[in-house]
1. Let me know the charge dipole size of the chain about its Cα centre in debye, to the nearest 20, where only the beta-carbon of Lys, Arg (+1) and Asp, Glu (-1) is charged.
2. In whole angstrom, note down how far apart the Cα centers of the range 1-78 and the range 145-164 are.
3. Per-residue HN-Hα couplings for the range 199-208, Karplus 6.51 cos²θ - 1.76 cosθ + 1.60 at θ = phi - 60°, whole Hz, x for Gly and Pro?
4. Among Tyr135, Val231, Leu218, which residue has its Cα furthest toward the positive end of the charge dipole of the chain, with +1 on Lys/Arg Cβ and -1 on Asp/Glu Cβ?
5. Shape verdict for the range 180-231, please, from the Cα gyration tensor: rounded (a/c under 1.5), prolate (a/b greater than b/c) or oblate.
6. What trypsin sites (Lys or Arg not before Pro) does the range 142-231 have in DSSP loop regions with at most 15 other beta carbons within 10 Å?
7. Arrange the following residues from fewest to most other Cβ atoms within 10 Å of their Cβ: Ile149, Ile171.
8. Using unit Cβ charges (K, R positive; D, E negative) and no other charged atoms, how large, in debye to the nearest 20, is the dipole of the range 26-85 about its Cα centre?
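Any read-out appearing in this document is the output of simple, stated calculations on the displayed coordinates, not a laboratory observation. Quick caveat, the model's predicted, so the values are computed rather than measured. Neighbour counts are summed over all protein chains in view; Cβ atoms, including those assigned to glycine, are modelled from backbone coordinates with ideal geometry.
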Amino acid sequence: MEQMSKLPTHVSIIMDGNGRWAKRLGKDRLEGHKEGVESVRACIELCVELKIKYLSIFAFSTENWGRPTSEIEGLWALMLKALRAELKTLMKNDVRLLFLGDISQLREELRAEIEHCKGETAQNKGTTLIVMLNYSGKWDIVQAANRFIKENPGKQLTPEEMDKYLVTAQIPEPDLLIRTSGEQRISNYMLWQSAYTEFYFTETLWPDFRKNEFRLALDAFSHRERRYGKV
Ligand code: FPP
């Protein structure tokens, strides 16, 4: 297949449209999130099959705290359940798990599970799944700048230094950023890291975004010409 020749190293996804998916079917919003977890599973599977090195997903933004408590609690419960249920499969598929964002604000039970999954999968060498949790691009830039100033008094901040202080320091910048559900904006996601990222927007709602939809995005990426400001 032609797309195999130019695959991204890092694909990032803003998973959007769970609520609308549920509403269309007259279901509770949480049913949309539940179905969304199935899409996460499908996308990991495809990354493993195609040997895509990094997949990051925007699971909870710092702005999402503005949602009803019942939805937020439902999301934590869903994540906890998914992590517990999927760890074995992730191990079998050699997937390493990372969580980036301000984890300190999450409830203890979830934080413990996150640490457990991180530890168990730390030595895996296949795809790295990065769950962006309680994350926002502005928050990331500010925490990086503050840490830099604290650790390097009197020194000038450079773009190279900035890269080292962002929570994404250990992973490459995304080559491809997918957003589902027809919204065409970045919504305070990886603002610094997406300077040269290719964007792919689709009308498909996240719960309907499965392997075939993902392949379409990868195929579109394979036809993009990236010039990085050069000719
Ligand atoms: C956006 O849809 C979706 C979210 C804010 C949450 C997505 C989270 C998951 C699918 C769970 C992640 C799972 C793991 C295993 C880490 P929306 O609610 O904004 O949809 P809407 O715009 O239609 O209302």
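1. Using only the charged Cβ atoms, the result is roughly 180 debye.
2. 33
3. In residue order, the calculated couplings are 9, 9, 10, 9, 6, 4, 6, 3, x, 9 Hz.
4. Val231
5. Numbers: a/c = 2.81, a/b = 1.37, b/c = 2.05.
Oblate is the answer for the range 180-231, as a/c is 1.5 or above yet b/c matches or exceeds a/b.
6. Lys155, Arg185, Arg224, Arg226, Arg227, Lys230
7. Working: Ile149 13, Ile171 19.
Result, fewest neighbours first: Ile149, Ile171.
8. 200
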